[in-house]
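Bear in mind these aren't lab numbers, they're just calculated from the coordinates by the rules spelled out. The shown structure was predicted, so the numbers you read here are calculated from the model rather than taken from an experiment. Cβ: placed from backbone, ideal geometry, glycine included. Neighbour counts: every protein chain shown.
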Amino acid sequence: MDETRWGALEWGTYADAFGHRLVVIRKARGYSQETLAERSGMHRNQISNLERGTSNREPHVADPLLSTVYRLAGALDVPPAYLMPDLRSAVAKRSFEQSSRAELSAVETALRDVLDHRAF
């Protein structure tokens, strides 16, 4: 990872966690990548890259702008915090959400539960 850009953070783990949350919420809403792109005013390739945690620019790791997070949250009708990984803990070198399949499943379950109980 580029330590001059992200310090000691393994940013790829956070990018992957963000992407995972984006996919779970998008699918829970029943949106295709194209639909989300249209609703957010973004290009479908941007949605795909964010979901995969990749970028077309060096160092090829997604690093969305805050405005992008808010545009996506608005298009998905969720608070921006739903897209952000590890909000309940201090920043660690790696995203805890990426520590195991069990943790990924727990995130999916929690997101689906909160989305199921929230009015669309």
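Between ASN45 and PHE96, what is 0.36 nm times their sequence separation minus the Cα-Cα distance? Round to one decimal in nm.
That pair, ASN45 and PHE96, stretches by 15.7 nm at full extension.
Contact order normalised by length for the chain, with contacts defined as Cα pairs under 8 Å and 6 or more residues apart; what percent is it?
Working: 132 pairs, mean separation 39.3, N = 120.
Contact order relative to length: 33 percent.
Sort THR13, THR109 so the one with the fewest other Cβ atoms within 10 Å of its own Cβ comes first. It would help to have the intermediate numbers written out before the result.
Details: THR13 22, THR109 11.
Taking fewest neighbouring Cβ atoms as first place, the list is THR109, THR13.
Which GluC sites (Glu not before Pro) does the range 14-120 hold that lie in a coil by DSSP with at most 10 other beta carbons within 10 Å?
none
Sorted from largest down, give the three principal axis spans of the alpha carbons of the chain, whole angstrom values.
That gives 41, 30, 21 Å along the principal axes, largest extent first.
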